[in-house]
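What follows is a short report on a single structure.
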Amino acid sequence: MALFKQHTDHKSILYIRNGIIIVVLFAFALATLFPIYFMIISSFGDPIEAGAASYSLWPGKFTLASYKFFFDYSEHSYRWLINSFVVAACVTVSNVLFASLAGYAFSKIRFRGRSVLFAVLLCAMMIPYQVTQVPLYILIVNIFQMENTYTALIAPSLVTVYNIFLAKQFISSIPTEIIESAKVEGCSQWQIYAKIILPLSKTVMAVMAILTFMESWNTFFWPFLVTNTMDMQTIQVGLKNFRFANTTYFAPMMAGATISAVPMFILFFSLQKYFLEGVTVGAVKG
């Protein structure tokens with residue numbers, strides 16, 4: 001009875017605490033979703049109102065004219081989407097492949113200098129992205145002369161240290177006994193990788209694919225640096241063409257941004273199960 005009375009006395013405090021937590025979380029959710037709401041709502045505005053810069057939370061009328069304006073504005077509008085898809089797809093595939101290979105090597109293959117090399121990679125991960133842009137730009141544009149090509153857009157992101165680290169940490173959790181048994185059966189390193197490591201690493205590979213595709217698709221700065229013609233621009237860079245010195249085609253630009261966000265929504269919600277599994281891997285022991 002004393003225990004029941006104690007919980008009863010504190011029930012009002014629990015309600016107040018839970019209410020405050022719900023309010024705070026709801027406020028954070030609104031702050032997160034509001035830009036997406038504003039982007040979608042603005043895309044249904046009239047493109048003629050763009051020059052007036054009269055932003056509102058609810059358009060005067062709903063029309064698809066801004067979407068039509070986006071595709072009719074330039075002959076390269078479709079090409080921007082294709083370029084983004086090609087670059088993001090190639091970067092995603094290469095990262096999943098090379099990161100899983102490197103992760104397997106660092107976690108399960110003993111070779112001289114393994115710890116030193118992995119430590120160097122971790123140090124490289126600590127370097128801010130902006131610091132490497134100038135030397136990388138000089139290499140790609142001035143030395144290798146690959147400006148305005150798919151190679152320039154894809155090559156610097158073929159594999160990232162973060163994905164290697166992620167793959168290494170996950171593959172380290174795979175029991176070594178399984179690999180030793182495969183070696184006893186006569187499997188080579190490539191066979192172990194293809195028949196054991198890859199099937200057991202589907203979760204982390206899905207997480208890498210989601211994060212890498214989203215990052216590559218949304219990147220603006222690097223494609224902006226290495227492309228100088230509209231036909232090679234990605235969708236994120238192409239959207240800047242709707243802004244001029246004296247006016248901005250705001251609604252068509254928001255229409256393009258909404259279109260560019262659709263693949264992200266499809267990818268995330270279709271692979272949400274694997275993403276959540278990958279986030280919680282190792283959180284529970286046993």
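The values are calculated or read from the model by the stated rules, or taken from the named source; none is laboratory data. Remember, predicted model here, so these are calculated numbers, not experimental data. Here the Cβ positions follow ideal geometry from the backbone for every residue, glycine too, while neighbour counts run over all protein chains shown. Only protein heavy atoms, including side chains, enter the accessible area calculation; ligands, DNA and RNA are left aside. Shrake-Rupley method; radii C 1.70, N 1.55, O 1.52, S 1.80 Å.
Pairwise Cα distances in region 87-241 exceed 28 Å in 31 percent of cases. For region 21-126, the Cα-based Rg and Dmax, in that order, read 23.6, 68 Å.
Can you give me the % of accessible surface on region 64-128 that is carbon or sulfur? Probe 1.4 Å, all protein chains present, nothing else counted.
Numbers: 2650 of 3640 Å².
Ligands and nucleic acids excluded, carbon and sulfur give 73 percent.
Its Cα gyration tensor gives region 207-280 an equivalent ellipsoid. The semi-axes, each the square root of 5 times an eigenvalue, are 29, 15, 8 Å from largest down.
Distance from the Cα centroid of region 110-136 to that of region 215-263 is 31 Å (rounded to whole angstrom). In terms of overall dimensions, the C-alpha atoms belonging to the chain reach 78, 71, 32 Å along their principal axes, ordered largest to smallest. Over 22 Å between Cα atoms, which of Lys61/Lys240; Lys108/Lys202; Lys108/Lys273 qualify? Flagged as over cut-off: Lys61/Lys240; Lys108/Lys273.
Counting only protein heavy atoms and using a 1.4 Å probe, what share of the accessible area of region 148-286 belongs to carbon plus sulfur, as a whole percent?
Details: 4690 of 7340 Å².
Here carbon and sulfur together make up 64 percent of the probe-accessible area.
Hydrodynamic radius of region 108-192 by the Kirkwood approach over all distinct alpha-carbon pairs: 16.0 Å. Projecting the Cα atoms of Met125, Gly103, Leu30 onto the charge dipole of the chain (Cβ charges, centred on the Cα centre) puts Gly103 farthest toward the positive pole. Dipole check for the chain: with +1 at the C-beta of Lys and Arg, -1 at the C-beta of Asp and Glu, and the Cα centre as origin, the magnitude is about 880 Debye. When peptides 119-130, 255-266 are ranked by their average number of other Cβ atoms within 10 Å per residue, the highest-first order is 255-266, 119-130.
In this Cβ point-charge picture (+1 for Lys and Arg, -1 for Asp and Glu), region 87-241 has a dipole of about 400 debye about its Cα centre.
Accessible area per residue of the chain at 1.4 Å probe, in Å²? Before the final figure, lay out each step's value.
Working: 17520 Å² over 286 residues.
For the chain, the per-residue accessible area is 61 Å².
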